[in-house]
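What follows is a single structure, written as structure tokens, with notes after it.
The values are calculated or read from the model by the stated rules, or taken from the named source; none is laboratory data. Values in this document were obtained by computation on a predicted structure and should not be read as measured data. Backbone-built Cβ (ideal geometry, glycine too); neighbour counts: all protein chains shown. Ligands, DNA and RNA are excluded from the accessible area calculation, which covers all protein heavy atoms including side chains. Shrake-Rupley method; radii C 1.70, N 1.55, O 1.52, S 1.80 Å.
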Amino acid sequence: MNLLKEIKKSRPFVIAGPCSAETEEQVHNILKEISTDGKTAMLRAGIWKPRTRPNAFEGLGELALPWLIAAGKENNLPVTTEVANAKHVETALKYGVDVLWIGARTTVNPFAIQEIADALRGVAIPVIVKNPINPDLMLWIGAFERLQQAGITQLAALHRGFSIYKHPKYRNIPNWEIPIALREELPDIPLLCDPSHISGKRDGLLEIAQKAMDLNYDGLMIEAHPNPDAAWSDPAQQVTARGLNDLLGKIQLRKEQLSEEELSFIVVMREKIAGLDDRIFSLLAERMKMAEEVGLYKLENNITILQQDHWRKVIASRLDQADNLRLTYPFVRSVMDAIHQESIRHQTKIMNQGPKD
Ligand code: PEP
Ligand code: MN
């Protein structure tokens, strides 16, 4: 299949299905239910499950592959599953899986990625690469490069968040700046989001899916199960087919392209804002000049650059004004700290070099 073409056809491009294939009936029922809504473009099921701790359900392996393939044929949709080593690749190809995905625990390991890339040399199959579990953009990019060097051209990225210890909100913290940076580096690779593994809870999915679409992602991978609470893996984050349908129905798709009218409003406002920024920066430059004059005076009179007590008062009075100006405390604090640091740099230069002329 041509994954890149298919992704362009529908936004969001939705991949859905159970975290794990558990029984023939479960795979058949959930994938059929999902498919009837017409909102899902590709079916997933985990066959080999990378579990953090031993003795958890590690997937049924090859036994379950024919169930996934059959569901794809029956519902006329392509299917995908996770591969983590050359043996998985070989088995998935033997059964005719349409698209492979590489999980977060594999992307993190260049040896494993290279093994998969070598197993795929000369095979024209699309591969979706999840981000590594740690927030390392270069490892993610490296995985794409290894696959590209093995001749794989149909590639997509899947953002599933980054491991974190006991976060109150996320199972895996999103660090949105990393997938955004990936898109800057590899603009031709479509970007999908996996709200299920980012949130870890089904009631957190919509917020993450909406944010992904507002950041112009191309699609979503969402886990769905006929009876989520009884799932053999990831029960808290899976939704029923109906839950998936509701969720997809609630996502608002906002456009990236602007109409003439919207564009002219935004252009005018952006110009005004740029004008304000010009003023802010020329005031800052003027302020630094004054700080230099004070620095010169301190040099001539042998006074230290920093008077801690004075600085404490300056900060306190600015923070007092924050509410009236409708600015947040952390913002005021960090702007003042940045200005102060720059003043100290200017005064230190004067102290070390004396006046310019
Ligand atoms: C999964 O999609 O079921 C999975 C194991 O994902 P991840 O690699 O993101 O943990
Ligand atoms: Mn899962």
Subject >> Options Pro50, Ala71, Ala84, ranked by Cα towards positive dipole end of the chain, top entry (Cβ charges) >> reply: Pro50
Subject >> Descending semi-axes in whole angstrom, ellipsoid equivalent of the chain, from the Cα gyration tensor >> reply: 52, 23, 21
Original post:
Helix 308-322: angle to the longest alpha-carbon principal axis of the chain, degrees 0 to 90, nearest 10?
Top reply: 60 degrees
Subject >> Fraction of antiparallel bridges per DSSP, segment 112-258 only, in percent to nearest 5 >> reply: 15 percent
Original post:
Once you list every other residue whose beta carbon is under 13 Å from the beta carbon of Leu31, what net charge do they have if Lys and Arg are +1 and Asp and Glu are -1?
Top reply: -4
Original post:
In debye to the nearest 20, how big a dipole does segment 280-357 give about its Cα centre with +1 on each Lys and Arg Cβ and -1 on each Asp and Glu Cβ?
Top reply: 140 debye
**OP:** Determine the sum of side-chain charges near Ala231: Lys and Arg each +1, Asp and Glu each -1, restricted to other residues whose C-beta is under 10 angstrom from that of Ala231.
**Re:** -4
**OP:** Just tell me the longest site-free run in the chain, where the sites are trypsin sites (Lys or Arg not before Pro) in a DSSP loop having at most 11 other beta-carbon atoms within 10 Å.
**Re:** 1-120
Original post:
Using Cα atoms only, what is the angle between the long axis of helix 205-214 and the major principal axis of the chain, expressed in degrees (0 to 90) to the nearest 10?
Top reply: 70 degrees
Subject >> Computed E for Ala274/Ala124 - FRET, C-beta separation, R0 41 angstrom, nearest 0.05 >> reply: 0.30
Original post:
Among the lysines, which have Cα under 29 Å from the Cα of Lys87 when same-chain residues fewer than 8 positions away are ignored?
Top reply: Lys5, Lys32, Lys49, Lys73, Lys130
Original post:
Helix 24-36: angle to the longest alpha-carbon principal axis of the chain, degrees 0 to 90, nearest 10?
Top reply: 60 degrees
Original post:
Taking the Cα-to-Cβ direction at Leu284 and at Asn76 and moving 7 Å from each Cα, how far apart do the two end points lie in nm?
Top reply: 5.9 nm
Subject >> Rough spin-label spacing in nm, given labels placed 7 Å along Cα→Cβ, for Glu262 and His167 >> reply: 2.9 nm
**OP:** Determine the gain in length on full extension of the stretch Leu4-Asn227; use 0.36 nm per residue of separation and subtract their C-alpha separation, reporting nm with one decimal.
**Re:** 77.1 nm
Subject >> Unit charges on C-beta of K, R, D, E only; dipole of segment 24-87, Debye >> reply: 260 debye
Subject >> Zone residues, segment 281-297, relative to Asn324, backbone N less than 12 Å from point 7 Å out along Cα-to-Cβ >> reply: none
Original post:
Which one of Ala230, Leu253, Ala322 is farthest out on the positive end of the charge dipole of segment 229-357, using unit charges on Cβ (Lys, Arg +1; Asp, Glu -1) and the Cα centre as origin?
Top reply: Ala322
Subject >> Cβ-derived FRET efficiency at R0 22 Å, Gln353 paired with Val314, nearest 0.05 >> reply: 0.30
**OP:** Note down the accessible area of Tyr329, probe 1.4 Å, to the nearest 10 Å².
**Re:** 110 Å²
Original post:
Considering only protein heavy atoms and a 1.4 Å probe, what is the carbon-and-sulfur percentage of the accessible area of segment 228-357?
Top reply: 56 percent
